[in-house]
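Notes to accompany the following structure.
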Amino acid sequence: MHKLEALPALRPSASVRPLKDDKLRAPSPLTRIVLSGLVLGYLGLVLLGPLSALLVEIAEIGFGVALSKLVDTTALLALKNSILLLLITMVVNGVVGALGGIVLVRHRFPGRALVSALCDLPLAVSPVMIGLSFLLLIGKGGVLSPLLEAINIKLVFTFWGLVLGTLFVTLPYSIREVSYVLEELGTDEEEAATTLGASPWQTFWKVTLPNIRIALGYGVLMAMARSLGEFGAVLVLGGSISGQTQTATTFIHDSIEERNLDAAYGMSLLLAVFSSGLLFILERLKKRQAKTQKRAHGPSKQTA
Amino acid sequence: MSIRVEHLRKRFGSFQAVDDVSFEVESGSLVALLGPSGSGKSTILRILAGLESPDSGSVWFDGEEATHVHARSRAIGFVFQHYALFRHLTVAENVGFGLLVRNVDPKTRAERTEQLLELVGLGGLGGRYPSQLSGGQRQRVALARALAPEPRLLLLDEPFGAVDAKVREELRQWLRRLHDEVGVTSIFVTHDQDEAFSVSDRVLIINHGKLEQSGTPAEILDEPRTEFVARFVGDVNVFTAQMDKGIAKVGALQTPAQSGPSDGQVQLVVRSYDLKFFREDPGVATVERVVPLGDRVRVHATLDGAGSLVAQFPRRSSLLRGIEAGARIQVEVTYARTYPLESGRNSAP
């Protein structure tokens, strides 16, 4: 960041004739209105429209009525599954993000570039397809199914199937965030810690982790938000068995199918509240991040 | 701590960074590793610190082999070029880090930290974060941090590279005084010859991963052993000359030379301040330009049959009398060295 600031400001050289001045000025009021109208209209159409329509609809039925439909064993179980998945995502991506980022950025091993590229795979391929591939691997007649049967583990159409699908689709977020920050930090501080006598463990806890913790938190929160909304992979791998492997999203889907719209609205409302909560924390972290970056690179302040 | 390095080699891919380097450093001395960028001097420093391991060769500290000792067990202080301060810790926490990881009790730690901050002239700034300090102050924090665990050896990688010219000069003098006060054996890497010569007891000149010469600043300035060293440590003129019984002939100029082969073709190296010009017609050269440079004046001339020649004189020198563009001059060489003609290896910096 501060590297950019070190570049000299571009100055028009005398030998270059300036462009026609008025072309460089801010766009005319008309252009501005049209441009911002387009952008706002688009955002409204894809973001605010559906959300407010949902809220209006729920308001018409009454928030209490919608939510009361959730006081029901299947709905509560679906909710419980989603919350458990959220917590598992948090813990696993917290650990995998930190360790995976460090291994991918700091360690040198053959095939590193390939592994790094593969980490982004879940972002690119459809979760339904992922679910299907997992079925081929661990489902009935799958390559690994004899092994799983031998040790008596059932994954497909159980809670662990949901976990598998969710962890797959949330894999990239924290690893990516941490990797970017580690690349940018370089190895100087870690090497300094080593020459000062710190063990690898001490270096990790006292130097590396404090430097990546905000990126890690950010990545984990993104993964959590993603886990909450995941539908395809958990549908294929969990089967959305009512009262067993339903999650909040598959519950909404099934409720719509069964024309139980009030329950679908209630669950949607709840999900929206959770997601807003996560977004709120993400925004807070972004501000923290900006602040620490200012602390790391910013101008000298004369406060003691 | 005394240091001995034997036949050190290190290769990065196809690049030979360090090529059969051996040297010794006396306990308590301040030594400069001087060379152009990419010459392998930083790699040598990192091998001494244990941050890189050599492909072959050995490192000995006080007569004990340390080649395979882990960086954290070497008891070495390392000052990084860009400070590498821990940005999330305060100045005091940075300085105390080496004591903290060694489980030194908090009271001793605080005392030692305060003492070191005083030593580097930053007393009272312990509560600040590195970003709240100037470049020179950060550099001193980095030094205090490296000194806190009482290292046996202090290594500094381009310690003044990232601060501006004025601060750099102050820091140099300050480093020399600090070294004399603390007395810890120190090695620093620099590409700046003024820095190497003004601060250190001994200078090791590195080029293309090889040690070209080691010696006191005076030895290296007076008797550069290779053409590379001669070129690197001063503003020089280099000619291909014909030697005849100890007399070098370059175009119209003839001069005795102090070293090297006495017959055949040689490389003649004359420093710009080892020349005298006298106005004389016909003479052997023509003055092209006279350039004032503060306390000195640089004179560009063309030597008949040999090309351009550069000399420097003190601003008010009597030698400058009558020296002006277009004047014919006689040239006297007060000191010159010759080196065997070698193609390729001793390229100019």
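Taking the listed residues B:Glu212, B:Glu181, the one that is closer than 25 Å to B:Gly40 by Cβ and more than 14 Å from chain A (Cβ to nearest Cβ) is B:Glu212, with no other qualifying.
Test B:Arg87 against the stated conditions and say whether it is within 19 Å of A:Ser199 (Cβ to Cβ) and buried (at least 17 other Cβ atoms within 10 Å of the Cβ). No: the conditions fail for B:Arg87. Could you go through the stretch B:133-156 and let me know if any residue there is surrounded by fewer than 20 Cβ atoms within 10 Å (Cβ to Cβ), more than 14 Å from chain A (Cβ to nearest Cβ) and at negative phi. There is no residue in the stretch B:133-156 that is surrounded by fewer than 20 Cβ atoms within 10 Å (Cβ to Cβ), more than 14 Å from chain A (Cβ to nearest Cβ) and at negative phi. A search for C-beta distances below 6 Å between a residue of the stretch A:196-215 that is over 19 Å from B:Leu99 (Cβ atoms) and at the interface with chain B (Cβ under 10 Å from one of its Cβ atoms) and any residue that is open to solvent by 30 Å² or more (accessible area, probe 1.4 Å) and acidic (Asp, Glu), counting only pairs 6+ apart in sequence or on different chains, returns nothing. Taken together, A:Val39, A:Val56, A:Val71, A:Val34 contain a single residue that is out of contact with any Gly (no Cβ under 8 Å at 6 or more places or on another chain), over 30 Å from A:Leu209 (Cα atoms), open to solvent by 40 Å² or more (accessible area, probe 1.4 Å) and not in a helix (DSSP H, G or I), which is A:Val71. For the stretch A:176-192, taking the residues that are within 7 Å of another protein chain (Cβ to nearest Cβ) and crowded, with 18+ Cβ neighbours inside 10 Å, the one that is farthest from B:Thr90 (Cα to Cα) is identified as A:Glu191. Given the structure, is B:Ser37 out of contact with any Gly (no Cβ under 9 Å at 6 or more places or on another chain), polar (S, T, N, Q), assigned to a loop (DSSP other than H, G, I, E, B) and under 26 Å from B:Gly234 (Cβ atoms)? Against the criterion (out of contact with any Gly (no Cβ under 9 Å at 6 or more places or on another chain), polar (S, T, N, Q), assigned to a loop (DSSP other than H, G, I, E, B) and under 26 Å from B:Gly234 (Cβ atoms)), B:Ser37 qualifies. Working only within the stretch B:157-183, note down all residues that are open to solvent by 60 Å² or more (accessible area, probe 1.4 Å), over 28 Å from B:Val101 (Cβ atoms) and not charged (D, E, K, R). If the condition is that a residue be open to solvent by 60 Å² or more (accessible area, probe 1.4 Å), over 28 Å from B:Val101 (Cβ atoms) and not charged (D, E, K, R), then B:Ala165, B:Gln173 are the ones that fit. Considering B:Gly77, B:Gly98, the condition of being assigned to a strand (DSSP E or B), open to solvent by less than 10 Å² (accessible area, probe 1.4 Å) and facing chain A (nearest Cβ under 9 Å) is satisfied by B:Gly77 alone.
Table: residues versus (1) in contact with a strand residue (DSSP E or B) (Cβ under 9 Å, 6 or more places away or on another chain); (2) open to solvent by less than 30 Å² (accessible area, probe 1.4 Å); (3) under 21 Å from B:Leu153 (Cα atoms); (4) not β-branched (Val, Ile, Thr).
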site: B:Thr190; (1), (2), (3), (4): yes, yes, yes, no
site: B:Val199; (1), (2), (3), (4): yes, yes, yes, no
site: B:Asp235; (1), (2), (3), (4): yes, no, no, yes
site: B:Thr255; (1), (2), (3), (4): yes, yes, no, no
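Checking the stretch A:275-295 against the condition returns a match, with at least one residue being within 14 Å of chain B (Cβ to nearest Cβ), within 24 Å of the chain's Cα centre (by Cα), in a helix (DSSP H, G or I) and free of Cβ contacts under 8 Å to residues at least 40 places away in the same chain. Just one of the listed residues (B:Ala49, B:Ala32, B:Ala17) is in the same structural domain as B:Arg172 (by the TED database), in contact (Cβ under 8 Å) with a residue 12 or more places away in the chain, open to solvent by less than 10 Å² (accessible area, probe 1.4 Å) and in contact with a Gly (Cβ under 6 Å, 6 or more places away or on another chain), and it is B:Ala17. Out of all the residues in the stretch B:103-132, which are at the interface with another protein chain (Cβ under 9 Å from one of its Cβ atoms), over 25 Å from B:Phe188 (Cβ atoms) and in a loop (DSSP other than H, G, I, E, B)? Matches in the stretch B:103-132: B:Gly124, B:Gly127, B:Arg128, B:Tyr129.
The values are calculated or read from the model by the stated rules, or taken from the named source; none is laboratory data. Not measured: the values here are computed from a predicted model. Ideal geometry is used to build each Cβ from the backbone, glycine not excepted, and the neighbour counts take in all protein chains shown. Areas reflect the complete protein model, heavy atoms only, side chains present, ligands, DNA and RNA absent. Shrake-Rupley method; radii C 1.70, N 1.55, O 1.52, S 1.80 Å.
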